[in-house]
Ligand SMILES: [Zn+2]
């Protein structure tokens with residue numbers, strides 16, 4: 001194995017610390033195939049928006065994700081896809097039984113534009 005070049009131990013430690021949270025990993029799993037809005041994460045993960053926002057802020061501060069506002073919605077996307085190499089390696093090392101990822105499920109209750117396409121409201 002090669003030495004880590006010019007990388008102090010604290011740098012990878014900070015990345016692992018950012019990842020050391022199941023909900024943050026669940027968020028990253030949701031973002032694997034592209035951006036999602038906060039309301040979508042809220043519906044899929046079944047957590048309050050304030051809680052999701054708190055975890056998103058930590059991931060954003062670590063410069064793993066970035067956000068984009070579109071009208072009423074804020075979309076998040078992963079800007080460091082290398083993170084999935086780490087996550088996949090950690091999953092491969094896990095001896096716990098596997099579960100079906102919730103990320104593939106689209107909830108009917110989700111109000112985001114992907115799950116509920118905007119329809120013209122006639123009155
Ligand atoms: Zn949605």
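Where a number appears in this text, it was derived from the coordinates with a stated rule and is not lab data. Please read these numbers as outputs of a predicted model, since none were measured by experiment. Here the Cβ is made from the backbone with ideal geometry for all residues, glycine too, and neighbour counts use every protein chain on show.
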### Task
Provide the packing ranking of 81-89, 29-37, 109-117, i.e. peptides ordered by the mean count of other C-beta atoms within 10 Å per residue, highest first.
29-37, 109-117, 81-89
### Message
Using the Cα atoms of the range 12-62, I'd like the radius of gyration and the largest Cα-Cα distance, Dmax, both in angstrom.
### Response
10.6, 31
#### Entry: Kirkwood Rh (inverse of mean 1/r, distinct Cα pairs), the range 10-95, angstrom
13.2 Å
